[in-house]
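Worksheet: the structure to be examined is printed underneath.
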Amino acid sequence: MTAGAATADYIIEASALTKTFFGFDAVKDVDLKVRRHSIHALIGPNGAGKTTTFNLITKFLRPSSGTIRYNGEDITSLRPEQVARRGIVRSFQISAVFPRMTVRENVRIALQRPLGNSYRFWQSEKALKALDGRIDELLDQVGLLAYSERPATLLSYGRKRALEIATTLALDPEMLLLDEPTSGLGHEDVDRIAELIRRVSANRTILMVEHNLSVVAALSDTITVLALGRVLAEGDYQTVSQDHRVIEAYIGGTDD
């Protein structure tokens, strides 16, 4: 396979990624390749460097050294909003919605953002109604169409996470980065969000940091295991779950 063909297979390629805080290497020489149109999970025990790696890729942190390429383009020095415009959109561990706005209004604001008019609340009703069809599609996709006129603050925590995914999908990302998408959810909501992630991955790439190993096993094509800031193992779930180094890391670690 040629170098060009290899690059085309991967949407994200991080090389020798390192982040040092006051002399401490939170991430050290991490190489990470995320295959296009796959679900790729970052897992590891407490202090493994998962969140730091995630924040480096989404540009919320700048690496101390190393490079990050997206679709073959070096994005190492770009800002978060610049990579978002290129098609990388992230969610956060804590649900980020406008609680006093309705579910529909939350999605409408997200849809307005690519048009450059996110904050034009004085637009005519006719102009806003032009977005209704797409809003309905997105809410139906995440199972919230029946809740469209409900204030977001009245949604269950699991449905707030679904709404957050709807607002990220409104930006039509090529790559969706999910930070602990099932964190704090009950069993029923975990199943709902996991199925939602499976559905929305049909035509995009997903990179997620996730603690729920049942979700990781069910969804992930590739898993990268981090420990002490370095890549410990990588492969499918069966491969990494049987790796003695991974077993030892989890037995010896604690939950985040």
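The values are calculated or read from the model by the stated rules, or taken from the named source; none is laboratory data. Quick caveat, the model's predicted, so the values are computed rather than measured. Backbone-built Cβ (ideal geometry, glycine too); neighbour counts: all protein chains shown.
Rundown of residues vs (1) under 15 Å from Met208 (Cβ atoms); (2) of a type in the set (A, V, I, L, M, F, W, C); (3) surrounded by fewer than 22 Cβ atoms within 10 Å (Cβ to Cβ), yes/no style:
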site: Ile12; (1), (2), (3): yes, yes, yes
site: Val30; (1), (2), (3): no, yes, no
site: Thr51; (1), (2), (3): yes, no, yes
site: Phe60; (1), (2), (3): no, yes, yes
site: Tyr70; (1), (2), (3): no, no, no
site: Glu73; (1), (2), (3): no, no, yes
site: Gln82; (1), (2), (3): no, no, yes
Requested in this report: Working only within the range 159-179, note down all residues that are within 18 Å of Ser214 (Cα to Cα) and either aromatic (Phe, Trp, Tyr) or modelled with pLDDT under 90 (or both).
Outcome: Asp179
Query raised in the report: Taking the range 71-92, which residues are part of a helix (DSSP H, G or I) and touching a residue at least 12 places away in the same chain (Cβ under 8 Å)?
Result: Pro80, Gln82, Val83, Ala84
**Report entry** Subset of the range 145-169 (residues that are touching a residue at least 60 places away in the same chain (Cβ under 8 Å) and surrounded by fewer than 18 Cβ atoms within 10 Å (Cβ to Cβ))
**Finding:** Tyr157
Query - helices (runs of 4 or more DSSP H) wholly inside the range 143-256 containing at least 3 residues that are not aliphatic (A, V, I, L, M) - result: 157-169, 187-200, 237-241, 244-252
Query raised in the report: Under 6 Å by Cβ, and 6 or more places apart or on different chains, what pairs join a residue from the range 51-70 that is within 18 Å of Arg36 (Cα to Cα) with one that is assigned to a loop (DSSP other than H, G, I, E, B)?
Result: Ile68/Ile75; Ile68/Thr76
Query raised in the report: In the set Val107, Val34, which member is of a type in the set (Val, Ile, Thr), touching a Ser or Thr at 6+ places or on another chain (Cβ under 9 Å), modelled with pLDDT of 90 or more and outside the structural domain of Ala16 (by TED's automatic domain parsing)?
Result: Val107
Report task. Please work out if Lys126 is modelled with pLDDT under 90 and in a helix (DSSP H, G or I). Result -> yes
Requested in this report: Specify the residue that is farthest from Tyr147 (Cα to Cα); the eligible residues are those in the range 178-187 that are buried (at least 22 other Cβ atoms within 10 Å of the Cβ) and touching a residue at least 60 places away in the same chain (Cβ under 8 Å).
Outcome: Leu178
Query raised in the report: So which of Val225, Val190, Val209, Val231 is in contact with a Ser or Thr (Cβ under 8 Å, 6 or more places away or on another chain), surrounded by 17 or more Cβ atoms within 10 Å (Cβ to Cβ) and either polar (S, T, N, Q) or at pLDDT 95 or above (or both)?
Result: Val231
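Just one of Asp136, Asp172, Asp140, Asp132 is surrounded by fewer than 21 Cβ atoms within 10 Å (Cβ to Cβ) and either closer than 30 Å to Thr52 by Cα or of a type in the set (A, V, I, L, M, F, W, C) (or both); which is it?
None of the others qualify; the one that does is Asp172.
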Report task. Return yes or no: is Arg86 modelled with pLDDT of 90 or more and basic (Lys, Arg)? Result -> yes
Report summary line: From the option list Ser220, Ser201, single residue qualifying as surrounded by 18 or more Cβ atoms within 10 Å (Cβ to Cβ), of a type in the set (S, T, N, Q), at pLDDT 90 or above and farther than 13 Å from Gly158 by Cβ is Ser220
